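These notes concern the structure reproduced below.
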Amino acid sequence: MKVATVGDYLLYRLHEIGIDHLFGVPGDYNLQFLDHVIAHPQLAWVGCANELNAAYAADGYARCKSAAALLTTFGVGELSAINGVAGSYAEYLPVIHIVGAPSLKMQQNGDLVHHSLGDGDFEHFLRMQREVTVAQAALTVENACAEIDRVILTVLHERRPGYLLLPTDVCEAPARTPTTPLKPGGAEFDAQALAAFSDAAEEWLARAKSVSLLADFLVDRFDLSAVLARWLDETPLPHASLLMGKGVVNEQRPGFVGTYAGEGSAESTRQGIEQADVIICVGVRFTDTITAGFTQQIPTAKRIDIQPFDCRIGERHFARVPMQQAIETLRQLCRRYASGWEKHCDTPPPLLADAQSGLNQNAFWQAMQDFLQPGDLLLADQGTAAFGAAALRLAENSTLIVQPLWGSIGYTLPAAFGAQTAHPTRRVILLIGDGSAQLTAQELGSMMRDGLHPLIFLLNNEGYTVERAIHGATQRYNDIAAWNWTQLPQAMSVECPVQSWRVEESVQLIEVMTLIAPGERMSLVEVMLPQQDIPPLLQKVSASLHQRNG
Ligand code: TPP
């Protein structure tokens with residue numbers, strides 16, 4: 001692609017790092033840039049219904065590709081997106097947020113232009129974005145190319161969002177095709193610290209009688225799932241992930257004991273992890289909702305903790321020992337010492353059989369378990385959906401997208417749009433509550449426009465059940481407007497290539513599941529569930545949250 005302007009240069013770099021789509025909403029400060037996007041031979045524009053959804057879609061895309069890009073307009077657009085970008089920051093997703101801004105000339109004059117606060121200060125929003133991005137640049141004609149490179153490299157290194165403010169005249173300023181490719185620097189590495197880490201780990205592993213492993217989302221974010229898989233294939237230690245990183249390990253592999261959630265875990269899962277002499281944690285952050293309120297029993301005294309850029313063994317800290325080197329070191333040590341460790345571990349318990357015939361949470365999750373296929377890409381929103389999905393045993397090569405730390409409801413619907421755009425041939429299954437879907441439902445229209453075909457299970461339990469479980473079970477504030485869900489796709493697409501069903505009985509659900517199983521057409525299944533029914537993990541989490549808020 002020929003680079004003639006700064007706008008072209010930016011697109012060249014985005015494409016170079018593996019981005020093929022740009023999500024966003026037009027505005028007059030980014031329209032010219034959009035002409036360059038449309039003219040780009042490989043990069044596709046993906047228009048969204050609003051900027052919040054676009055940010056969520058970019059986040060979903062970044063979970064499936066090397067990075068994502070988001071385009072909004074100054075002030076009104078970028079501030080609508082900021083919640084989504086903050087989610088990407090909290091949960092480590094490399095999203096490059098490009099904001100089309102008034103020209104430098106207007107800014108220097110202090111013009112009272114639309115979408116500004118009317119005080120001639122054009123940095124209000126840049127200052128706000130600083131809190132949720134790892135690198136920012138207000139581009140000028142002089143600095144543009146170098147700053148674009150710096151921001152992109154920082155985003156790739158830290159796996160968190162960056163911000164580029166692109167004034168209209170800077171976008172059109174001349175630029176040249178880069179002569180050298182972007183070279184992401186590796187994590188800072190200290191050979192001495194690694195040797196000390198290796199010695200200390202050996203001391204622990206040589207005398208351990210049992211060793212377990214917890215892996216979580218940061219393994220995925222720093223692209224080390226394959227490295228971890230090699231380790232676990234060689235030495236199938238008793239292992240688990242937490243909900244946030246569910247899918248990071250193959251749940252069908254020997255040694256997998258279930259999804260760990262502190263006291264919210266199945267007893268055998270908990271014992272399989274907690275009772276080992278040494279517990280190796282890789283890429284784990286213990287946050288409240290995935291540990292049933294910090295009830296994990298993983299004492300520092302028996303924990304080896306591997307983080308992206310440093311490690312700990314007990315109280316000892318090893319700076320500049322990156323995750324990849326730490327994993328390789330532990331893999332070698334496991335090969336040497338694992339023969340002396342206890343081998344028995346339980347497989348994850350099956351979902352509880354339900355004597356009742358009615359369609360309830362239990363029946364739904366059992367049916368969903370049977371529905372899963374290898375390679376599925378699931379998304380579960382932050383209601384009963386995510387807490388129910390925690391108990392599923394995923395098929396091989398499956399992915400689960402959840403957002404339990406940022407926990408912004410409605411996130412998964414546009415994230416499914418982003419994920420399916422990245423993986424058009426995978427079967428995408430969206431599990432979302434009626435309350436959550438009301439926040440971002442507009443993006444169904446964009447998915448239909450683009451011919452995408454996720455299978456959507458809309459859990460209709462008449463309102464905010466997860467909130468009812470925490471507080472105000474029957475209060476009006478936990479009710480929502482009753483929508484006619486099965487009619488919605490029709491209203492959102494003139495062509496409407498969607499099939500929709502409403503199911504009230506388990507047998508209906510199972511029958512519909514067989515019809516939609518191939519995943520070749522977009523399907524919306526409205527699943528009617530009891531208003532106060534919640535999955536077991538959520539019972540424990542909500543009790544803990546209620547107590548903490550009290
Ligand atoms: N607003 C945002 C953006 N995010 C939130 N997490 C909340 C509000 C608070 N909140 C958490 S869960 C929830 C709310 C309002 C209700 C979710 O209801 P629904 O999607 O219907 O799921 P259910 O638990 O009923 O299955």
Revision key, fill the gap. Under a 1.4 Å probe, counting only protein heavy atoms, Trp406 has an accessible area in Å², nearest 10, of 100 Å²
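So with the 1.4 Å probe, I'd like the accessible area per residue for the chain, rounded to whole Å². Intermediate values should be presented prior to the final figure.
Details: 21800 Å² over 550 residues.
Here the per-residue accessible area is 40 Å².
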Point to revise | Distance histogram in 5 Å bins (all Cα pairs of region 442-502, percent per bin) | key: 4, 16, 22, 18, 13, 13, 9, 5, 1
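Assuming 1.567 mPa s and 4 °C, estimate D for the chain with Stokes-Einstein, Rh taken as the Kirkwood radius over Cα pairs, in µm²/s. Write out the running numbers ahead of the final one.
On the way: Rh = 24.6 Å.
Result for D is 53 µm²/s.
Rank Tyr163, Tyr464 by accessible area, highest first, at a 1.4 Å probe radius?
Of Tyr163, Tyr464, the descending order of accessible area is Tyr464, Tyr163.
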**Study point:** Cα centroid of region 226-278 to Cα centroid of region 370-388, whole Å
**Key:** 18 Å
Practice item. Against the globular-protein guess of 2.2 N^0.38 Å, express the Cα radius of gyration of region 251-327 as a ratio, rounded to two decimals. Key: 1.14
Practice item. Any lysines with Cα under 23 Å of the Lys2 Cα? List them, leaving off those in the same chain fewer than 8 positions away. Key: Lys183
Check your understanding: What residue among Val76, Ser103, Val3 has its Cα farthest toward the positive end of the dipole of region 1-130, where the charges are +1 on Lys, Arg and -1 on Asp, Glu, each on the Cβ?
Key -> Val3
Revision key, fill the gap. Mean separation of Cα contacts under 8 Å (at least 6 apart) over the residue count of region 203-340, i.e. the relative contact order in percent, is 25 percent
Practice item. Could you grab the relative contact order for the chain? Cα pairs under 8 Å, six or more apart, rounded to a whole percent. Key: 13 percent
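With charges set only on the Cβ (+1 for Lys and Arg, -1 for Asp and Glu), what does the dipole of the chain come to about its Cα centre, in debye to the nearest 20? Numbers along the way, then the final one.
Details: 39 positive and 60 negative charges, 226 e Å.
Rounded to the nearest 20 debye, it is 1080 debye.
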Exercise for review: Determine the equivalent ellipsoid of region 119-208 by diagonalising the alpha-carbon gyration tensor, then write out the semi-axes as square roots of 5 times the eigenvalues, largest first, rounded to whole Å.
Suggested key: 41, 18, 8
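DSSP loop (so not H, G, I, E, B), at most 12 other Cβ within 10 Å: list which GluC sites (Glu not before Pro) in region 266-372 pass both filters.
Details: sites: Glu267, Glu274, Glu315, Glu328, Glu342; in loops: Glu315, Glu342.
Taking region 266-372 and a limit of 12 other Cβ atoms within 10 Å, the loop GluC sites (Glu not before Pro) found are Glu315.
Are there trypsin sites (Lys or Arg not before Pro) in region 325-432 that DSSP marks as loop and that have at most 16 other Cβ atoms within 10 Å, and which are they? Working shown, then result.
Working: sites: Arg331, Arg335, Arg336, Lys343, Arg393, Arg426, Arg427; in loops: Lys343, Arg393, Arg426, Arg427.
Passing both the DSSP loop test and the Cβ count: Lys343.
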Point to revise | Geometric extent, Cα atoms of region 380-522 - Rg, Dmax (angstrom) | key: 15.0, 43
Point to revise | Expected 222 nm ellipticity per residue - DSSP helices of 4 or more, -39500 (n - 2.57), all of the chain, to 500 | key: -11000 deg cm²/dmol
Check your understanding: If Lys and Arg each add +1 and Asp and Glu each add -1, what is the summed charge of the other residues whose beta carbon sits under 11 Å from the beta carbon of Thr168?
Key -> -2
Practice item. Kindly provide log₁₀ I(q)/I(0) values, in the same order as q = 0.19, 0.20, 0.27 Å⁻¹, from the Debye equation applied to equal alpha-carbon scatterers of region 97-172. Key: -0.78, -0.85, -1.27
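Counting DSSP beta bridges in the chain, what percent are antiparallel, to the nearest 5?
Working: 8 of 70 bridges.
In the chain, DSSP labels about 10 percent of beta bridges as antiparallel.
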Exercise for review: For Lys343, go through the lysines and keep the ones whose alpha-carbon is under 28 Å away, minus same-chain ones fewer than eight residues off.
Suggested key: Lys209, Lys246, Lys302
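Note down the Stokes-Einstein diffusion coefficient of region 1-40 in µm²/s, whole number, using a Kirkwood radius over alpha carbon pairs, 10 °C, and 1.306 mPa s. Please list the in-between numbers first.
Working: Rh = 10.6 Å.
Stokes-Einstein gives a translational diffusion coefficient of 150 µm²/s.
For the chain, what % of the accessible area comes from carbon and sulfur atoms, probe 1.4 Å? Please report the intermediate quantities before stating the final value.
Working: 10870 of 21800 Å².
Its accessible area is 50 percent carbon and sulfur atoms.
What ranking of Leu156, Leu430 comes out by heavy-atom accessible area, probe 1.4 Å, highest first? If you can, show how the numbers build up before the last one.
Details: Leu156 30, Leu430 0 Å².
Largest to smallest exposure gives the sequence Leu156, Leu430.
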Revision key, fill the gap. Summed over the other residues with a beta carbon less than 11 angstrom from that of Thr73, with K and R at +1 and D and E at -1, the charge totals -3
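The values are calculated or read from the model by the stated rules, or taken from the named source; none is laboratory data. The shown structure was predicted, so the numbers you read here are calculated from the model rather than taken from an experiment. Positions of Cβ are generated from backbone atoms using ideal geometry, with glycine treated the same way; all protein chains shown enter the neighbour counts. For the accessible areas, the whole protein counts, side chains as well, though only heavy atoms, and no ligand, DNA or RNA atoms are used. Shrake-Rupley method; radii C 1.70, N 1.55, O 1.52, S 1.80 Å.
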